[in-house]
């Protein structure tokens with residue numbers, strides 16, 4: 001799961017006394033915030049949610065759950081605000097929820113009411129209090145921002161206490177129960193969004209579809225391949241670096257890849273070959289350029305490797321395929 005963390009958002013968390021570096025350390029997740037991007041496994045993401053849950057106060061949770069405070073461009077949320085109305089916004093968020101974390105939204109409709117339920121992608125793990133309330137408050141914030149009105153849920157049910165501050169913000173009593181559920185009258189969800197922007201949605205839709213496909217493969221092999229696509233052109237793609245980014249030991253990564261019937265070296269070579277074929281189609285690139293971009297300092301070594309991989313020289317490949 002890829003999460004983009006801007007410096008502005010890190011500063012916001014620090015201002016509300018939730019420094020992200022400390023949270024990552026407590027969740028035993030490698031701190032790679034200097035890249036402004038985190039690649040988390042499903043287990044790491046769940047640990048991070050649990051860590052938030054252990055330390056966050058209701059006041060911090062309320063601040064964290066306001067759409068205006070996110071201070072970063074998150075396409076699914078922006079797409080929701082660009083929607084025609086609340087009903088359209090919620091359905092867009094359901095469609096693209098996987099882009100901002102391994103969580104799912106389930107909707108249940110009656111003639112007058114829409115009910116929203118949240119759960120972790122792995123349904124065997126219960127979402128902690130922080131995760132559920134954050135989702136519910138964020139949804140309320142988006143609806144209020146979009147309509148310019150104080151939209152109040154018809155009902156909220158959850159298996160934990162909300163506290164006076166959160167109950168006051170929500171504007172309705174909380175029903176105790178085993179499930180998490182937030183319901184809205186459809187008449188409220190039909191209110192037009194003042195933030196509607198169809199031209200932006202035309203841009204966002206294909207981009208988010210692309211990102212969904214990227215996030216579909218959460219296997220160790222899939223994550224390794226995503227990381228190698230960026231790491232190989234930089235030359236920093238040894239197994240120690242990739243394992244560290246994944247929060248695994250080298251031995252664990254090798255063992256996990258073996259379970260998926262592959263090896264680290266096999267994935268490196270496969271990505272290098274795919275990149276080489278892509279770059280060879282651009283005749284503006286020299287062999288020196290291409291060798292460097294696929295992780296070879298010596299062009300001769302790259303040429304020999306390509307012949308070994310394909311049975312053709314690079315010149316023959318360009319002549320036949322480009």
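The values are calculated or read from the model by the stated rules, or taken from the named source; none is laboratory data. Since this is a predicted model, take the numbers as computed values, not measurements. When we count neighbours, we look across all protein chains shown, and the Cβ atoms used for this are built from the backbone with ideal geometry, even at glycine.
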Could you please give the count of residues in segment 272-322 that are under 33 Å from the mean Cα position of the chain (by Cα) and in a helix (DSSP H, G or I)?
-> 14
Out of all the residues in segment 35-52, is one or more at pLDDT below 90, part of a strand (DSSP E or B), in contact with a helix residue (DSSP H, G or I) (Cβ under 7 Å, 6 or more places away or on another chain) and closer than 21 Å to residue 102 by Cβ?
-> yes
Selection count, segment 215-271, where residues are touching a helix residue (DSSP H, G or I) at 6+ places or on another chain (Cβ under 7 Å), over 30 Å from residue 96 (Cα atoms) and assigned to a loop (DSSP other than H, G, I, E, B) | 4
Being outside any loop (DSSP other than H, G, I, E, B) and under 27 Å from the mean Cα position of the chain (by Cα) narrows 183, 179 down to just 183
Which residues, counting only those in segment 146-158, are closer than 21 Å to residue 192 by Cβ and surrounded by fewer than 19 Cβ atoms within 10 Å (Cβ to Cβ)?
-> 148, 149, 150, 152, 154
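For (1) surrounded by 19 or more Cβ atoms within 10 Å (Cβ to Cβ); (2) within 14 Å of residue 309 (Cβ to Cβ); (3) modelled with pLDDT of 90 or more, each residue gets a yes or a no:
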{"site": "250", "(1), (2), (3)": "no, no, yes"}
{"site": "255", "(1), (2), (3)": "no, no, yes"}
{"site": "261", "(1), (2), (3)": "no, no, yes"}
{"site": "265", "(1), (2), (3)": "no, yes, yes"}
{"site": "272", "(1), (2), (3)": "yes, yes, yes"}
{"site": "275", "(1), (2), (3)": "no, yes, no"}
{"site": "282", "(1), (2), (3)": "no, no, no"}
